[in-house]
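A short reminder: the numbers here are calculations on the coordinates, not readings from a lab. The model shown is predicted, which means the values in this text are computed figures rather than measured ones. Heads up, the Cβs are rebuilt from the backbone with ideal geometry, glycines too, and the neighbour counts pull from every protein chain shown.
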Amino acid sequence: MSGKTTGRFTRMSLAACLAFAVGVSTAPATAAEELRIGFLAPLTGGFAQIGKDMSNGFQLYLDEVGGNFAGAKVTFIVEDEEGKPPVGVRKAEKLIRQDKVHLFMGGLLASTGYALAPVSTRLKTVYVASIPAADDLTQRESEKYPYVVRTGWSSSQPSHPFGEWACEQGYKRIAVVAADYAFGYEVVGGFQKAFEDCGGRIIQKIWPPLGTNDFGPFIPTLKKDADAIFTLMVGPMALQFPKQLLAAGIKKPVIGGGTSYDEYVLPSMGDEVIGHVSALQYSAALDNPKNAAFVKKYREKYGKVPSYYSESNYTTAQMIHEVMKQTGGKWPGATKFIELLSKIKLDAVRGPVQLDEMRNPVQNIYIKKVEKKKMHGFAQDELWNTVIKTYPNVGQFWKYGKAEFLKQPVYSRDYPPCKYCD
Amino acid sequence: MNNRRGVLTVIGALVALAIIAPFTSSYAIILITHALIFAILAMSVDLLLGYTGLPSMGQAAYLGMGAYLTAILATQFDFGLGWSFWVVVGLGILVGAATAAFFGLFAIRATGVYFLMITLALGMCVWGLAYRWNSLTGGDNGINLPPRPQFGIALANDVTYFYLVLGFFVASLALLYVLVKSPFGRSLEGIRERELRMRLLGYNTWLHKYIAFVIAGGFGGLAGVLWAHMNGLVSPEDVILTTSVDALLMVVLGGPGTLVGGAIGAGVVVFLREYLATIVPWWQYVLGGVYILTILYLPGGLMGIPERIRRRRALSGSPEQAGKLEATSH
Amino acid sequence: MDTQFWVIQAFNGVSYGALLFLLASGLSLIFGVMRIVNLAHGSYFLLGGYVALSVIWSADSWLLAIPVAALSIAAVGLAMERVFLTRVGEDPLRQVLLTVGFAFLFQQGALDIWGGDPFNIVPPDRLKESVVIGGLYFPLYRVFMIGLAAAMGLTLWLMMEKTRTGAMVRAAVDDSEMARGVGIDTSRVSMFIFALGAFLAALGGVIGGGFLGIYPGLDFAILPLAFAVVIIGGMGSLGGAAIGSLLVGLADNFGKALFPEVSYFTLYAPMVLILAWKPTGLFGRD
């Protein structure tokens, strides 16, 4: 008698497992005119709001065209990658194997980009990197990733013209405080190379870990003889650093990477960031009718000013749409899709965009300064990233030429070396 | 649980799994493989928790050691991608055991909540190193592995890899089963029940616990090797505190002291995190709820349910039946 | 590294330690009295910050936000203890898993209620200024943190040493069976201590929110630090919590400033060593 209950229980469990396995197995049939797009974004954790911005941007475009790309009904599947590369990999596997997506896009961190690219190669599925800026995805490692197309930016792309701009301002000695991971290294590296090439000197590099919220240990070590401070912050870090810098009595000019002052975090910032300058391929304060319409529409729908995270995915949606227009709404297969996407030239919200031969965007880079004012007809005074200079047609190699650029190693913690650090 | 019948049931379930799995979807099979790898880790935790009474909150560290070793050998030394894979398996087990041997020197002296604390701290040390030792571990980028090894058979094939992992799971289960049924295993249970009594009887309880800890570390290292090739990526996120806590939950949920319970628990937790999470946005409430409800209402875990049903039936039946039941249960 | 550097770093370390004291003193007391390992403690910290934000948004008062947040989270903690933790008994593993379950629930709940944006709890303007002494800038907010922690510490010490309630708590910490034997309602003491611990953590969250920010994931990020303090300072000892917070605050600060590469290791390795030498922590009592 004692075995009966166990036996029954075991049989029930086995049956349940079988049911689950079968349930997981039934995948949706692929309709002829359907486009399934998998989307990876952090929906939980410290970057949760960025994830929302990302998917909202895509969704806004989708709603504008009625959920339909040139006849193909778009199924947009969003999965939570939690801001963690291994979770991104697992969810990508699910999207590809279970949901049979035609392409997957998104991911947030550069480290996630480096983790997702091999998945695209392994499972022969298109990966559109709309946000991860990891340089080498479209540079030294691009041969490993024939299925990757980048529609956002590469980390060092805005930093190169920014370095030149810094020389023009007369800065000679700059101290750097940047998040200690690949993205931080690459943004800083690009700036350092260009800045030192036109006579400037990086005199210090401080690397607080990603996620630092107390900069107390780091700020007092800043060299007193710096002309300016270059900061690269991501996510909640961006909110704390300028405040703590000011409280420590540092009154030097502050410039930084685009994510330090992006519209994702700008509304939560205070007057301490007025006058801070950054560089990126988008600003919500771009003063043209196209962007004004975009900002107004986005704000009305989602209650926030769009960040570059939103714009990048909106524009990516637009690009995919343009490709589908050329194929009459039919999925042309991975290789053809990549070929067509690589040839897209678009007048996007951020300005003119096209892709270079390594499948990375060539676009405007805007130097923007934080100001408090009214913009786009909104009634209140708010913080905006006013564009003060535009560098058109900036590619990932800047003025260096592809071959010469690729000869140098990828920007890292120690490259370019800090020649002028003591 | 009636031993012979139990063993046969488990064997039956494994055979069924082996036969059915290749016919499920390409996603289901990697989920199952994922669960099997964590089942190995969970069983190692059960050895410590269920059999020895040591609640270790840092077992993910040994998975991490095995995984990082595999990744570093594969990328920096081009080693482990052919027949040498089997050498890496051995090395993974060794590195897990060696790390446990080192950590055990600090940890085994403690008991109860202090043991919990120190194993937590040790686990965090490994995480800290993985996260910050950029040159070795790639920092938060982690390490991308080359495609899975090939030695006559291509592990890159998901079904093939499933069978390999299943094989390791079965071997681990068998080895651990033999271990817990042996006199050594019995001594561990004695220590779990009444360590003082065991000491008075002349057992070197410290050594027993230490050896169990080292063995568990070895199995953790094995799980790590398999995990590294599972996703082709090793990252500090693999050794965060949540992983160790999940491993404990797998054992408690499945049923401590049953070995197989850990495997069942692994299946449930992996299902929740990897599958339910993709279907509904409120899955984290379910996960939290599972933690809470298991602790409150399922002291014996899922494996303990048949016993509880039996008890309830017997208690609602005749007094002689109840008496018989009381006499045969432990 | 000149004197200025050491002074400022020490000051920063002490102020960070002050915040940690608010967070960890509650955890230490909870452990001391009830032998409970509460992995939801970081959640109390975070929820305190979020509740304060809601109060500030609706009533525009930072001053009001502090007690409202602290008391409401104390109530949450109390409910958790009465309804759930009493049923789990003394098994530390079950406590860990139960409280982790709640931590997950709280985390998701906070995300659903307040969204994913990172926020700052903005203090009154005067606290945003800095005091300049000898050319060094000392942010008033940090001074405020130190002052508040010291005040709380003093209050707690007075309560523990000079009041009857405090005597009952100390008796329960030292030997709960004996305490019950002399007629002390240890169940009531547990309840009080748990609520107090949650109160302190939430207070830490409100104050910390003006300094670290409030964002999803902060709960699990701050938890290991709380444990580091309790372990290093000793479980159940208020004085130990004070010293532990100071040590951790200073070690973390100097560790990051001087050896940034191994910053996490410099925190956890000492934890291990201390536990190995003295399992109850430096000043722990068992």
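Each Cα pair under 8 Å and six or more residues apart adds its separation to the average, and for segment A:94-142 the resulting relative contact order is 40 percent. When only Cα pairs below 8 angstrom with a gap of at least 6 residues are kept, chain C shows a relative contact order of 36 percent. Mind telling me which of A:112, A:138, A:221 comes out most flexible in a GNM of chain A, alpha-carbon contacts under 10 Å? Checking each option, the largest mean-square fluctuation is seen for A:221.
Scaled against the 2.2 N^0.38 Å expected of a compact globular protein of N residues, the Cα radius of gyration of segment C:191-274 reads 1.15. Our summary of shape: the Cα atoms of segment B:62-121 have principal axis extents of 44, 16, 12 Å, ordered from largest down, in whole angstrom. At 37 °C and 0.692 mPa s, what whole-number value in µm²/s does Stokes-Einstein give for the translational diffusion of segment A:204-278, with Rh from the Kirkwood sum over Cα pairs? Result for D is 264 µm²/s. Averaging the Cα positions of each part gives two centres, and for segment C:223-270 and segment A:72-88 these lie 38 Å apart. Rounded to the nearest 10 degrees, the inclination of helix C:3-34 to the longest alpha-carbon principal axis of chain C is 20 degrees. Computed per residue of chain A from DSSP H runs no shorter than four, each worth -39500 (n - 2.57), the mean residue ellipticity at 222 nm is -11500 deg cm²/dmol. Calculate the length of the line joining the C-alpha centroid of segment B:213-254 to that of segment A:267-301, in whole Å. The two parts, judged by their Cα centres, are 44 Å apart. Sorting C:180, C:170 from the fewest to the most surrounding beta carbons within 10 angstrom yields C:180, C:170. Pairwise Cα distances in segment B:22-167 exceed 23 Å for 44 percent of all pairs. As a rough footprinting exposure proxy, the listed residues A:172, A:290 were ranked by other beta carbons within 10 Å of their own, and the order from fewest upward is A:290, A:172. Anyone know which of C:187, C:25, C:72 comes out most mobile in the 10 Å Cα GNM of chain C? Maximum among the listed residues: C:187.
For chain A, the C-alpha radius of gyration divided by 2.2 N^0.38 Å, with N the number of residues, is 1.05. Relative to the dominant Cα principal axis of chain B, helix B:3-20 is inclined by about 30°.
DSSP beta bridges fully contained in the protein assembly as shown are about 50 percent antiparallel. Under a 5 Å amide H cut-off, with hydrogens placed 1.01 Å from N, residue A:73 pairs with A:34, A:35 among residues at least 5 apart or on other chains.
Pairs of Cα atoms nearer than 8 Å and 6+ residues apart set the relative contact order; for segment A:258-359 it is 24 percent.
Beyond 13 Å, the tail of the calculated P(r) for segment A:248-289 holds 59 percent of the Cα pairs. For segment A:40-105, the list of GluC sites (Glu not before Pro) that fall in a loop by DSSP and count at most 10 other C-beta atoms within 10 angstrom is empty. The Rg/Rh ratio of segment A:95-215, with Rg taken over Cα atoms and Rh as the Kirkwood radius over Cα pairs, comes to 1.08.
Projected onto their three principal axes, the Cα atoms of chain B cover extents of 67, 49, 40 Å, largest first. Of the residues B:227, B:86, the one with the fewest other Cβ atoms within 10 Å heads the list, and the complete ranking is B:86, B:227.
Global dimensions of chain C from alpha-carbon coordinates: Rg and Dmax equal 18.6, 60 Å. Each of A:314, A:273, A:326 was placed along the dipole of segment A:250-340 (beta-carbon charges, centred on the mean Cα), and the one lying farthest toward the positive end is A:326. What translational diffusion coefficient, to the nearest whole µm²/s, does segment B:143-283 have by Stokes-Einstein, given a Kirkwood radius computed over alpha-carbon pairs, a temperature of 4 °C and 1.567 mPa s viscosity? The diffusion coefficient I find is 74 µm²/s. For the protein assembly as shown, a Kirkwood radius taken over Cα pairs fed into Stokes-Einstein (10 °C, viscosity 1.306 mPa s) yields D = 53 µm²/s. Looking at chain C, identify the longest residue range that excludes and avoids all GluC sites (Glu not before Pro) in DSSP loops having at most 15 other Cβ atoms within 10 Å. That would be C:130-286. Roughly what % of Cα-Cα distances in segment B:89-181 sit above 24 Å, to the whole percent? Value for segment B:89-181 (Cα pairs over 24 Å): 48 percent. Considering only C:79, C:70, C:221, the mean-square fluctuation computed in a Gaussian network model of chain C, springs between alpha carbons under 10 angstrom, is largest for C:221.
Quick one: Debye curve from the C-alpha atoms of segment C:1-144, no solvent, what's log10 I(q)/I(0) at q = 0.13 Å⁻¹? Debye output, listed in q order: -0.74. For chain C, the longest principal axis of the C-alpha atoms and the axis of helix C:62-83 are separated by about 30°.
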